[in-house]
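Step one of this worksheet: look at the structure below.
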Amino acid sequence: MTVVVSKRDVGVCRQEFEIEVPASEVDAEYLRVARDYRRRARIDGFRKGKAPLDLVRQRFAGSIGEDVSERLAPKYWQRASEEDGVQAMLPPSVAPVQAAPGQPLRFTVTVDVEPEVEIGDSRSFELPQPGTEPSEAEVDELLEQVRLQRSTWVPVDRAAARGDRVRGRIHRAAMPGFVPEAAAEDEDHDGANDHRGPATHDIDLELGDERAWPELTDNLTGLSAGQKSDFERTETEDDVERQRGYEIEVDEVLERKLPDVDDDWASGLAATIETVDDLRRQLGDQVQAQKVEQAGQQRTDALLDQLRDRYPVTLPEAVVEREALQMARSYANNLARQGFDFERQQLPWEQLMEEIRPQAEKRAHASFLLDRIARDDGVEATAEDLERALEIMARARNTNRGRLRRELERDGGLEMLRVELRRDRTVQALLAANTPPEEASAPADEPAAEGED
């Protein structure tokens, strides 16, 4: 007997079902719930659990009816979804309803469903095959980075230039309207005005460092130890731009000294290195590993782009919003791990969500297609995949695998991790099935005809 009374489309990939539970099922569940209430109920004149069942049903009719609905609705929605072949993308929304004894229970379910798309050939994509062999220039560049990391700073008696390191002090002038704290008679002064006042700080920076104010590099360049310079820069406070004066004083100029590249220096870098040739081989291996990883990402990006182009769909709005929210939360969590103070600074959430949305649409689209392919092809993440992922995550979060597993189980994160691992396996299967396009060989020169020069 079908339990679906009616079904209709109520939006893009959104359907509304009217489902009916037979009166006999309602009565049976109503009796079970009423007996549960009698065991717990305290009614004047009766010992606990001994009140007449009819009195319990009368006294708690509303609550019993709601509980019956809450028990039967999920069960019959599951039956209806299997009966109708519903592929829900999000948990359904069940309209509140109260069951009554002796009557069928009808309730309405609204659910976002998968868009209709026929996944055909997913093994004929043209994927790039970037080269992964390290070049001499790439090894040279990495070697130069090692030299920079192992460099030392030595004082010099000359004017500072870009690339030099300067130590000294910066004096900040007071902004207009500053009231010195000593003169403020407000006992509740919280220091909010202090940033407007004068101050002196030590400086130690490399000229040209992109993290520093450009004005610092410009005004320190050309100064020697003991010399001073002053400048103004525009600062914004309460959406008002003001000019503020600064004075800088140089105590010391230092020059970077790079080590000579020879076997003695190379052998001191690691026990596995004895010569410069050994060092270059290891650096070449690092370059190659990085290029292999980048090549894999390029192939994955190309695969997903072509998959989306081949199978365009319109997803439910709620699915895209969920993806955008997950991306925003991930971004916020990364900021928190880096020490971002959410109490002192507010993230522009509306702007962030707007900027994230295009990427969220692409990710949700790709995830849907990968889930469909995984379901059609029977792809599943293995227990080994899950344990390996948990181990990596536990190390990154400085916790143990068991504790992390329990935390993920509590908030549903473990199932989401399984889903992501299944998608990863699906991507790897598609990459393995799609060999790179063969290079078209140039036609061989045809032999000249007899008699031709």
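Some values worked out for this structure:
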quantity: 265, 349 arranged by Cβ crowding within 10 Å, fewest neighbours leading; calculated: 349, 265
quantity: Potential lengthening between residue 306 and residue 63 on full extension [0.36 nm per residue; Cα-Cα distance subtracted]; calculated: 82.1 nm
quantity: Contour minus Cα-Cα distance for residue 95 and residue 235 (0.36 nm per residue); calculated: 44.9 nm
quantity: Whole-Hz couplings from phi, Karplus 6.51/-1.76/1.60, listed for segment 371-380; x for Gly and Pro; calculated: 5, 5, 5, 4, 5, 5, 9, x, 7, 9
quantity: Cβ-based net charge around residue 45, under 15 Å, with every Lys or Arg adding one and every Asp or Glu removing one; calculated: +4
quantity: Cα→Cβ-extended label distance, 7 Å offset, between residue 169 and residue 199, nm; calculated: 1.6 nm
quantity: Environment charge at residue 135 (Cβ cut-off 15 Å; Lys +1, Arg +1, Asp -1, Glu -1); calculated: -4
quantity: In nm, spacing of pseudo-spin labels at residue 42 and residue 351 (7 Å Cα→C-beta vector); calculated: 5.7 nm
quantity: 222 nm mean residue ellipticity, helices alone, for the chain (DSSP H n ≥ 4; -39,500 (n - 2.57); rounded to 500); calculated: -15500 deg cm²/dmol
quantity: Residues of type lysines that residue 362 reaches as a straight line, Cα spacing below 28 Å, ignoring anything fewer than 8 places off in the same chain; calculated: 291
quantity: Which of 203, 97, 216, positive extreme of dipole for the chain (C-beta unit charges); calculated: 97
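Each value in this text was obtained by applying a stated rule to the coordinates, not by laboratory testing. All figures in this text were calculated on a predicted structure; none of them were measured in a lab. Positions of Cβ are generated from backbone atoms using ideal geometry, with glycine treated the same way; all protein chains shown enter the neighbour counts.
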